[in-house]
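The values are calculated or read from the model by the stated rules, or taken from the named source; none is laboratory data. All figures in this text were calculated on a predicted structure; none of them were measured in a lab. Backbone-built Cβ (ideal geometry, glycine too); neighbour counts: all protein chains shown. Remember, those area values only see protein heavy atoms, side chains included, never the ligands or the DNA or RNA. Shrake-Rupley method; radii C 1.70, N 1.55, O 1.52, S 1.80 Å.
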Amino acid sequence: MATSPRLSSVKPHAKAVTAVLSVLGYALVIGAFAGILPLFPSLSESTVLLFSDLIAVVNSVALSALLIGWYLIRRDRVRLHRVAMVTAFGLICLFLVLYLWKVGGGFEKSILIEPGQFLYEFRSIVRPLYLLMLAVHILLSVVAVPVVLYAIVLGLSHTPAELTETAHARVGRIAVVAWSVSLALGVLTYFMLNHLYSWTPR
């Protein structure tokens, strides 16, 4: 499986390219949260809710593609593994656009556990548990960025034979674990916030 000449030229600079892309990604997220990058049009409440649903769907499909890619490489199906991982990465890029737009043009939500809802009597446990899962999701999302990007940059700029001489497999394993747990927790907290309990704008 050959790589294009343009991508091959990235080989000697994989770490630098990863660093630049990571900083750019962090800057976009921080800028959207801080409101200093007015890149996104305002969203109505109904559109924010729609974006929340779309993000959950995108993350679920991305998680599926990621796990399929992990399964395929364990079966030495390199070409299909690459397709699955590039698909997962493309979906995460789509998630980033939707999420930044939702934050920059709309609002975030806080969980609200009301009488009569599931395990209301244990809300003093449920809410901290939700916040812990959300914190782990966010932390893994942040720390996984350079790891995921490095694995992707190596994978796209090297042939399978060349990858055996790089850190792609080792970095890829770390990326898959961090990425999978983050996505799974993201989908779970979405379900709790939007379908199991109530929410209030933040």
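Worth pointing out:
- Test set (1) touching a residue at least 12 places away in the same chain (Cβ under 8 Å); (2) surrounded by 15 or more Cβ atoms within 10 Å (Cβ to Cβ); (3) within 28 Å of residue 176 (Cα to Cα) - residue 53 fails condition number: (2)
- Some residue of the stretch 82-93 being assigned to a helix (DSSP H, G or I) and either in contact with a Lys or Arg (Cβ under 7 Å, 6 or more places away or on another chain) or within 23 Å of residue 192 (Cα to Cα) (or both): yes
- Residue match in the stretch 68-85 (condition: open to solvent by 80 Å² or more (accessible area, probe 1.4 Å), within 25 Å of residue 169 (Cα to Cα), basic (Lys, Arg) and touching a Phe, Trp or Tyr at 6+ places or on another chain (Cβ under 9 Å)): yes
- Only helices (runs of 4 or more DSSP H) whose full extent lies in the stretch 110-202 are considered here, and the ones with at least 3 residues that are farther than 30 Å from residue 45 by Cβ and touching a residue at least 24 places away in the same chain (Cβ under 8 Å) are 123-157, 168-191.
- Whichever residue in the stretch 117-165 is of a type in the set (S, T, N, Q) and modelled with pLDDT of 95 or more and, among such residues, is most open to solvent (accessible area, probe 1.4 Å): 124
- Candidate set: the stretch 27-50, residues that are of a type in the set (Val, Ile, Thr) and either open to solvent by 50 Å² or more (accessible area, probe 1.4 Å) or within 20 Å of the chain's Cα centre (by Cα) (or both); chosen: the one farthest from residue 90 (Cα to Cα): 36
- Selection within the stretch 175-193 - among the polar types (S, T, N, Q) and touching a Ser or Thr at 6+ places or on another chain (Cβ under 6 Å): 182
- Condition met for residue 136 (touching a Ser or Thr at 6+ places or on another chain (Cβ under 6 Å) and closer than 30 Å to residue 15 by Cβ): no
- Residues satisfying the stated conditions in the stretch 31-58, i.e. in a loop (DSSP other than H, G, I, E, B) and aromatic (Phe, Trp, Tyr): 40
- Each residue in the stretch 86-98 was checked for being free of Cβ contacts under 8 Å to residues at least 60 places away in the same chain and either over 15 Å from the mean Cα position of the chain (by Cα) or open to solvent by 50 Å² or more (accessible area, probe 1.4 Å) (or both), and 4 of them qualify.
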